[in-house]
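Asker: Mind having a look at this structure? Questions to follow.
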Amino acid sequence: MKSYILAIDQGTTSSRAMLFDCLGNVVDSEQQEFPQYYPDNGWVEHTPEEIIASVLSTCRKLLAKQHIQAGQIKSLGITNQRETTIVWDKTTHKPIYNAIVWQDRRTSSYCQQLVEQGWAETIQQKTGLVIDPYFSATKLKWLLDNVDGARAKAEAGQLAFGTVDSFILWQLTQGKSHYTDATNASRTMLFNIHQQAWDQELLELFDIPASMLPQVLDSAADFGCTSEQHFGFDIPIQGIAGDQQAALFGQACFETGSVKSTYGTGCFVMVNTGDKALKSNNKLLSTVAYRINGQVTYALEGSIFVAGAVIQWLRDGLELISKASDSERLAMEANQDHGLTLIPAFTGLGAPYWDADARGAILGITRDTGIKEIVNAALQSVCFQTKDLLMAMEKDGIDIKSLKVDGGMTNNQWLLQYLANCLQVEVTQPVSAETTALGVAFLAGLQAGVFQSLSHIQSLWQAKAAFSPQISQADANKRYHSWLDAVERIRTEQT
Ligand code: ADP
């Protein structure tokens, strides 16, 4: 009988179950979307019941389809949308309110107050994060302050808090395990990443009773077993990591300075900084990359709000292309010296500018500018924004020599070659596009003894294609400077 590792990849719009063999190859997968709720301006919610139902149903379908018997799944890993906040009743196991999703901005003005009160430095020093509604702490406080009777119940020890990993774990174990892992904890804005403990001062600031919090374990650990009633047999749960950290692990970025960049709707760049949590002076986030055998590896993270979304805009907004993949051919056919710059600052500029009021622009239009040039400039913008992040990382003291990429946009080979040209580093694409699920399968398999060590995992990681710079450094600099000039023109504030 063959052995497998099962990975649950619980994302923002869908849940997936993926079955891996013991060499990290994908055997099969199941995916299910679930509804998004927007009850107010800037509010985004999920129902925890729909999250768990989609998780259970994808896993069950996959196990049935592959005729999996008891004992064949050596280990289970969970990777998840990060920061999304759920509170549930420890006795009934029922959530007291919907999940407040990471994108939700309802706590913006409270975050602004915290900044005005001078908390930014302390919070960055303890948690590695910038004060933002994105992270769980203010969402959790909102739940306790706004759901009837919640605070009294929480103070009486009757409620549990968790990010999505923790909620899934509780449901899979039917309340036996209330744990999270260090990567997810590091996104709550309540966790001291240096001491690897919930921070007393921050719990007091946000008025959060400690009895609600999950215990924080390593990313590869014994988290408990799935209750038999879910799948007909029990499965040990042995890996948990937030999605971007799981992707870093799935890309085998184990060395200090190794970087992965995930190109989906947005883009997340993460660099391994080893056993040091760097304090960014360029508004990047310092976070836990993974924790194994009690040893913490840190990362620096930067994100681009609009990556694949600019291609969606060309398709659905401007109707210049009919499908995303058309962008590759059009970019190739464009006049490559068009001198056009497209800045997709649809919702402002993120790191390293942090200018929420800036808006997008297309500069340098001439009589011969056509659709192809606009598409070409849109793809270039994703590369220049990546360069902005890597420059910020370099300013924070990190030397970047190569970049591993994944995500839907990396199907575009023209993009990857332009990226290598622009960054002047080698860009590598892995055989396995499913780096997030693979990462947590690696973590679970490590704990189960399927994989012996990080170097064993490294040996399983394979490159599918590598792109080397094909233009000179001087040429790359010239192009990047045109981008920087264009960005200067749309900024509303100088920092
Ligand atoms: P997410 O996980 O954020 O939903 P995916 O990793 O599935 O994103 O990637 C989808 C994104 O990639 C979409 O925004 C789409 O426009 C973009 N995309 C997909 N294929 C291509 C392509 N060949 N060229 C450029 N962009 C693409």
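The values are calculated or read from the model by the stated rules, or taken from the named source; none is laboratory data. Computed from a predicted model, the values in this text were never measured in an experiment. Cβ placement follows ideal geometry from the backbone for every residue including glycine, while neighbour counts extend to all protein chains displayed.
Asker: Quick check on my filter: what residues within the range 37-49 are in contact (Cβ under 8 Å) with a residue 60 or more places away in the chain and within 16 Å of the ligand (Cβ to nearest atom)?
Answerer: 44
Asker: Identify the single condition in (1) touching a Leu at 6+ places or on another chain (Cβ under 9 Å); (2) away from the ligand (no atom under 16 Å from the Cβ) that residue 303 does not satisfy, given that it satisfies every other one.
Answerer: Single failed check for residue 303: (2).
Asker: Any residue in the range 308-336 that's in the same structural domain as residue 265 (by TED's automatic domain parsing) and under 22 Å from residue 261 (Cα atoms): show its pairings with residues that are more than 10 Å from the ligand (Cβ to nearest atom) and in a loop (DSSP other than H, G, I, E, B) at Cβ separation under 7 Å, as long as the two are six or more apart or on different chains.
Answerer: Listed by first residue and then by second, the contacts come to 310/344.
Asker: Just to be sure I understand the filter: pairs with C-beta atoms under 8 Å, separated by 6 or more residues or on different chains, first member in the range 396-420 and under 15 Å from residue 436 (Cα atoms), second member among the basic types (Lys, Arg) and within 16 Å of the ligand (Cβ to nearest atom). Which pairs pass?
Answerer: 404/260; 405/260; 406/260
Asker: Inspect the range 229-247 for any residue being surrounded by fewer than 24 Cβ atoms within 10 Å (Cβ to Cβ) and part of a strand (DSSP E or B) and give the result as yes or no.
Answerer: Yes, that holds for at least one residue.
Asker: So for the range 68-85 (the condition being basic (Lys, Arg) and closer than 25 Å to residue 450 by Cβ), does at least one residue qualify?
Answerer: Yes, there is a match, as at least one residue in the range 68-85 is basic (Lys, Arg) and closer than 25 Å to residue 450 by Cβ.
Asker: Of all residues in the range 422-472, count the ones that are buried (at least 20 other Cβ atoms within 10 Å of the Cβ) and among the acidic types (Asp, Glu).
Answerer: The total comes to 1.
Asker: Name the single residue, out of those in the range 409-418 being within 12 Å of the ligand (Cβ to nearest atom) and crowded, with 16+ Cβ neighbours inside 10 Å, that is farthest from residue 268 (Cα to Cα).
Answerer: 414
Asker: Please verify whether the range 358-366 includes one or more residues that are away from the ligand (no atom under 14 Å from the Cβ) and either over 21 Å from residue 492 (Cα atoms) or assigned to a helix (DSSP H, G or I) (or both).
Answerer: Yes, the range 358-366 contains a residue that is away from the ligand (no atom under 14 Å from the Cβ) and either over 21 Å from residue 492 (Cα atoms) or assigned to a helix (DSSP H, G or I) (or both).
Asker: In the range 33-55, what count of residues is obtained for those that are closer than 19 Å to residue 223 by Cα and surrounded by fewer than 19 Cβ atoms within 10 Å (Cβ to Cβ)?
Answerer: 0
Asker: Quick check on my filter: what residues within the range 187-222 are at positive phi and in contact with an Asp or Glu (Cβ under 9 Å, 6 or more places away or on another chain)?
Answerer: 189, 207
Asker: Just to be sure before I move on: is residue 288 within 15 Å of the chain's Cα centre (by Cα), outside any helix (DSSP H, G or I), of a type outside the set (Lys, Arg) and within 10 Å of the ligand (Cβ to nearest atom) in the structure I sent?
Answerer: Here the answer is no, as residue 288 does not meet what is asked.
Asker: One residue is enough: does the range 27-38 have a residue meeting the conditions among the aliphatic types (A, V, I, L, M), over 23 Å from residue 170 (Cα atoms) and more than 21 Å from the chain's Cα centre (by Cα)?
Answerer: Yes, the range 27-38 has at least one match.
Asker: Moving to a separate point now. Looking at 207, 234, can you tell me which residue is of a type outside the set (Val, Ile, Thr), farther than 22 Å from residue 390 by Cβ and touching a Cys at 6+ places or on another chain (Cβ under 6 Å)?
Answerer: 234
Asker: Next question. Within the range 307-341, which residues are among the hydrophobic types (A, V, I, L, M, F, W, C) and within 12 Å of the ligand (Cβ to nearest atom)?
Answerer: The answer is 307, 309, 310, 311, 313, 314, 321, 324, 330, 331, 332.
Asker: Then there's this: Would you pick out the residues in the range 1-32 that are more than 15 Å from the ligand (Cβ to nearest atom), assigned to a strand (DSSP E or B) and either surrounded by fewer than 24 Cβ atoms within 10 Å (Cβ to Cβ) or not small (Gly, Ala, Ser) (or both)?
Answerer: Listed by number, the residues that qualify are 4, 5, 6, 8, 19, 20, 26, 27, 28, 30.
Asker: For the range 396-408, state whether one or more residues are at pLDDT below 95, assigned to a helix (DSSP H, G or I) and either within 16 Å of the ligand (Cβ to nearest atom) or charged (D, E, K, R) (or both).
Answerer: Yes, the conditions are met somewhere in the range 396-408.
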